[in-house]
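Comments concern the structure below.
The values are calculated or read from the model by the stated rules, or taken from the named source; none is laboratory data. Nothing here was measured: the structure is a model prediction, and the numbers come from that model. So basically every Cβ, Gly included, is an ideal-geometry build from the backbone, and we count neighbours across all protein chains shown. Quick note on the areas: whole protein, heavy atoms, side chains included, nothing else; ligands and nucleic acids left out. Shrake-Rupley method; radii C 1.70, N 1.55, O 1.52, S 1.80 Å.
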Amino acid sequence: MARMTWTFTPEHVHAPDASALRRDYYGEVAGRYWKRPATEAEIDEGLADDGAELLTPPTGQFLVARYEGKPAGCGGLLLLDAERAELTRIFLRPAFRGLGGAGALFTALDAEARALGARRTVLTTRLDLVEARAAYVRHGYAEIPAYATGPYMEIWYGKDL
């Protein structure tokens with residue numbers, strides 16, 4: 001049996017696949033927070049002026065993950081300073097979970113972070129996103145002291161590259 005493959009392509013956040021994945025990501029995390037599905041209007045509002053335009057060199061990068069050519073997930077990097085890149089918008093569509101995509105995505109993001117000059121990656125998340133937190137730990141992230149504050153920042157992780 002042929003092995004299924006993951007590919008990762010840098011794309012602008014407003015490219016069609018990247019935009020659709022960002023909408024799915026926001027819909028899932030907002031819906032979990034609100035304990036109900038997010039509306040299209042709420043997703044539009046959440047994505048407006050969200051800073052995603054910085055996820056392009058030289059300030060960052062945005063990757064679209066594809067499984068056998070189908071858009072399956074995404075992840076972004078934002079340079080915080082000369083040493084650190086923040087992971088953001090890490091997402092796999094539910095149909096593609098459990099297929100090795102998380103590890104492959106972290107590996108691709110690590111390579112992109114190094115290419116941007118980072119020596120460490122960090123991220124912040126919410127306590128209720130238990131599956132994401134487990135994936136971070138499984139892929140080498142450890143809890144670190146807070147490096148930023150905000151309404152949806154409850155736990156912080158970091159990893160040396």
Next item on the list: With respect to residue 99, determine if the residue is over 23 Å from residue 28 (Cβ atoms) and among the hydrophobic types (A, V, I, L, M, F, W, C).
Entry: no
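Quick one: which of 85, 104, 95 is over 15 Å from residue 61 (Cα atoms) and open to solvent by less than 70 Å² (accessible area, probe 1.4 Å)?
Working: 85 fails: over 15 Å from residue 61 (Cα atoms); 95 fails: open to solvent by less than 70 Å² (accessible area, probe 1.4 Å).
Only one candidate passes the filter, namely 104.
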Check: What tally of residues in the stretch 115-137 results from selecting those that are farther than 19 Å from residue 74 by Cβ and among the charged types (D, E, K, R)?
Finding: 3
Next item on the list: Pairs only if they're at least six apart or on different chains, beta carbon under 7 angstrom, first in the stretch 80-96 and within 24 Å of residue 12 (Cβ to Cβ), second open to solvent by 30 Å² or more (accessible area, probe 1.4 Å) and assigned to a loop (DSSP other than H, G, I, E, B); list them, first residue then second.
Entry: 85/116; 86/80
Check: From 136, 152, 147, 157, which residue is surrounded by 13 or more Cβ atoms within 10 Å (Cβ to Cβ), in contact with a Ser or Thr (Cβ under 9 Å, 6 or more places away or on another chain) and assigned to a loop (DSSP other than H, G, I, E, B)?
Finding: 147
Check: Do we find a residue being among the small types (Gly, Ala, Ser) and within 18 Å of residue 26 (Cα to Cα) anywhere in the stretch 116-128?
Finding: no
Notebook entry, point to check: What number of residues within the stretch 1-39 satisfy the criterion of being at pLDDT 95 or above, part of a helix (DSSP H, G or I) and either among the basic types (Lys, Arg) or open to solvent by 80 Å² or more (accessible area, probe 1.4 Å) (or both)?
Noted result: 3
